[in-house]
Amino acid sequence: MSQDETTTDAPAGRAPSRRALLGWGGAGLALGAVAAGGTAAALRTGSDAQPAGADATSGSAVPFHGRHQAGIATAVQDRLHFASFDVTTDDRDELIALLKDWTKAAARMTAGDAVGGGAVGGPAEAPPDDTGEALGLPPSRLTLTFGVGPTLFEKDGKDRFGLKKRRPEALIDLPKFSGDNLDSTRSGGDLCVQACADDPQVAVHAIRNLARIGFGKIAIRWSQLGFGKTSSTTPDAQTPRNMMGFKDGTHNIAGTDNAALDQHVWVGEKDAKGDERWMAGGSYLVARRIRMHIETWDRTSLKEQEDVFGRDKAEGAPVGRKHERDTPHLKSMLPTAHVRLAHPDSNGGVRILRRGYSFTDGTDGLGRLDAGLFFLAYQRDVRHGFVPLQQKLAANDALNEYIQHVGSAVFAIPPGVRGADDWWGRELFA
Ligand SMILES: C=CC1=C(C)c2cc3[nH]c(cc4nc(cc5[nH]c(cc1n2)c(C)c5CCC(=O)O)C(CCC(=O)O)=C4C)c(C)c3C=C
Ligand SMILES: [Fe+2]
């Protein structure tokens, strides 16, 4: 498939787009989103223009272009398909062409349109540009968030794409933490795409089509499906529960809290100097596949479960308090309680934006669920965010008896795509 075939808009009379197939039904959904209170968000154009607090109707589209990539501060969608890719080509120009093609396809899919010339209506002799399983589905708040891993800059001592000097200092190789049992086939990666949507079919379709566009240049290294978001960037909405039955995401950074986002999540102009300038407005992502020993947890008393977190199971209130959002009194919790250890007051003010999902990937052959938390955390600098937090949790957390980290990756997340001529990673390759 040539670049033109994969990226150009459908010519008149060719394939109908997903939006066109939705017809007036789709228009009705969009209007519904506006009428339901999303007016301001719908009229703005940046990806950070639909903050987490904005009304987020599940069928609507999240703007793709903006200063920051969507899918970070954006209100958390219900489903995830996360993919990590190995770059298989050695050719820098081929990689750049792929990123341009990806960006065009991502802009279309997040708007609810089919890739390239669409899934139907094209020449009968050629495979269609789009695989088709999202035809007729609304945009479903699809966001596609793109990142680059440490091995894109240097692998086995080789500066593969002339990017070595551009590697940000904050993009470290994560240290080994106590208790880690990492599977290399579920870890690392040169590139990543986080697809979040309210419909799993829309998220899966997006990753599948990006992988297809990249055939011969990239290969999926590992991927993770997620359901049941385990964090919230919308404090006004009901906090979701994780697979352990506890409310998860109560004290997270809200997508509307610009001061906290600037302080803890976005890479600032001052952070990104010289060869790192391309990261201004971006962020750093740590992904950890954390398996839960669900069967052991399910045999643990309610008292012990609550002690492990330092919050009660029903309301999510901190120990000794009544309501979920009451200020915790950390000293009332056990010294090993997860919340006491992870709270900013125990860590010199460190905060991260959590955006993880539950997973259940069948059973492990020993009759145990392969289930847990696919932990995703965004931060301004991994060295001052995830690393010190995880060092402390790995050493002291009572939760460790019930979990094990089995996959790990870290990615630099470039700033947002500014407009139709911009593309994922443009400033990195400039
Ligand atoms: C290194 C960072 C963290 C890892 C890894 C982690 C794993 C993990 N967490 C839960 C469940 C909960 N976590 C909660 C709070 C919480 N967790 C972290 C960090 C990590 N968690 C932070 C920074 C916080 C916020 C602490 C605070 O400021 O109060 C909670 C309580 C509710 C909430 O605020 O979200 C739960 C529940 C699991 C199950 C897990 C690994 C599987
Ligand atoms: Fe946690």
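Run the helix sum for the chain: -39,500 (n - 2.57) per DSSP H stretch of 4+ residues, divided by residue count, reported at 222 nm to the nearest 500 deg cm²/dmol. Show your work: numbers first, answer last.
Working: 11 runs with 99 residues, N = 430.
Value at 222 nm, helices only: -6500 deg cm²/dmol.
Only Cα pairs within less than 10 Å get springs; with that Gaussian network setup on the chain, which residue of 394, 83, 206 has the largest fluctuation?
Residue with maximal mean-square fluctuation among 394, 83, 206: 394.
Dipole size in debye (nearest 20) for the range 265-365 around its Cα centre, Lys and Arg Cβ +1, Asp and Glu Cβ -1?
Using only the charged Cβ atoms, the result is roughly 240 debye.
Considering amide H positions built from the backbone, and no H for Pro or chain starts, which residues 5 or more places from residue 370, or on another chain, come under 5 Å of its amide H?
361, 362, 363, 364
All other residues with a Cβ under 12 Å from the Cβ of residue 398 taken together, and with Lys, Arg as +1 and Asp, Glu as -1, what is their net charge? Walk me through the numbers before you get to the answer.
Values: positive: 340; negative: 304, 306, 307, 397, 401.
Residues near residue 398 contribute -4 overall.
Residue 237 versus residue 360, label points 7 Å from Cα toward the beta carbon: distance in nm?
Placing both labels 7 Å along Cα→Cβ, they lie 2.1 nm apart.
Please enumerate, by chain and number, the lysines with C-alpha under 28 Å from the C-alpha of residue 158, excluding those fewer than 8 residues away in the same chain.
100, 176, 217, 273
For the range 151-165, take each phi angle, set θ = phi - 60°, evaluate the Karplus expression 6.51 cos²θ - 1.76 cosθ + 1.60, and give the result in whole Hz per residue in order, putting x for glycine and proline.
Running phi through 6.51 cos²θ - 1.76 cosθ + 1.60 with θ = phi - 60° gives 6, 5, 7, 7, 9, 6, x, 10, 7, 5, 10, x, 10, 3, 6 Hz.
When the Karplus curve 6.51 cos²θ - 1.76 cosθ + 1.60 is applied with θ = phi - 60°, which whole-Hz ³J(HN,Hα) does each residue of the range 343-349 get, with x for Gly and Pro?
5, x, 5, 8, 9, x, x
Out of the range 210-279, which trypsin sites (Lys or Arg not before Pro) are coil in DSSP terms and have no more than 10 other C-beta atoms within 10 Å?
Taking the range 210-279 and a limit of 10 other Cβ atoms within 10 Å, the loop trypsin sites (Lys or Arg not before Pro) found are 270, 273.
Using +1 on the beta carbon of Lys and Arg, -1 on that of Asp and Glu, and nothing else charged, what's the dipole of the chain about the Cα centre, debye to 20?
Computed about the Cα centre, the dipole is about 700 debye.
Identify the residues of the range 179-208 with backbone N under 14 Å of a label point that sits 7 angstrom from the Cα of residue 404 along the Cα-to-Cβ direction, or state none.
Counting only backbone N, you get 179-184.
Given a 10 angstrom Cα cut-off, can you work out which residue in 210, 353, 302 is the most mobile in a GNM of the chain?
Highest fluctuation among the options: 302.
Just rank 154, 304, 427, 125, fewest to most, by other beta-carbon atoms within 10 angstrom. Could the numbers behind the result be given before it?
Values: 154 15, 304 11, 427 18, 125 5.
The fewest-first ordering by Cβ neighbours comes to 125, 304, 154, 427.
Determine ³J(HN,Hα), in whole Hz, for all residues of the range 187-196 in sequence, where each value follows from phi through the Karplus function 6.51 cos²θ - 1.76 cosθ + 1.60 and θ = phi - 60°; x replaces Gly and Pro.
For the range 187-196, the Karplus curve yields 9, x, x, 7, 9, 9, 9, 9, 9, 10 Hz.
At q = 0.08, 0.09, 0.10, 0.12 Å⁻¹, what log₁₀ I(q)/I(0) does the chain have when each alpha carbon counts as one equal point scatterer in the Debye sum?
Log-scaled intensity ratios, in q order: -0.44, -0.56, -0.69, -0.99.
Using label points projected 7 Å from each Cα along Cα→Cβ, tell me how many nm separate residue 315 and residue 327, to one decimal.
Modelled inter-label distance: 1.8 nm.
How far apart, in nanometres, would the label points at residue 422 and residue 258 be if each is projected 7 angstrom from Cα along the Cα-to-Cβ direction?
So the two model labels end up 1.7 nm from each other.
What is the list of residues in the range 358-391 whose amide nitrogen lies under 14 Å from a point 7 angstrom out from the Cα of residue 299, following Cα to Cβ?
367-369, by backbone N distance to the label point.
In what sequence, highest mean first, do 334-340, 89-95, 161-167 appear when ranked by Cβ atoms within 10 angstrom?
Highest to lowest by the protection proxy: 334-340, 161-167, 89-95.
Counting Lys and Arg as +1 and Asp and Glu as -1, what is the net charge of the other residues whose Cβ lies under 14 Å from the Cβ of residue 169? Walk me through the numbers before you get to the answer.
Details: positive: 164, 165, 166, 167, 270, 273, 277, 380, 383; negative: 154, 173, 271, 275, 276, 381.
Summing Lys and Arg as +1 and Asp and Glu as -1 gives +3.
Laboratory data are not the source of any read-out in this text; all were calculated from the coordinates shown. Worth saying up front: this structure is predicted, and the values here are computed from it rather than measured. All Cβ positions, even for glycine, are placed from backbone atoms using ideal geometry, and neighbour counts span all protein chains on display.
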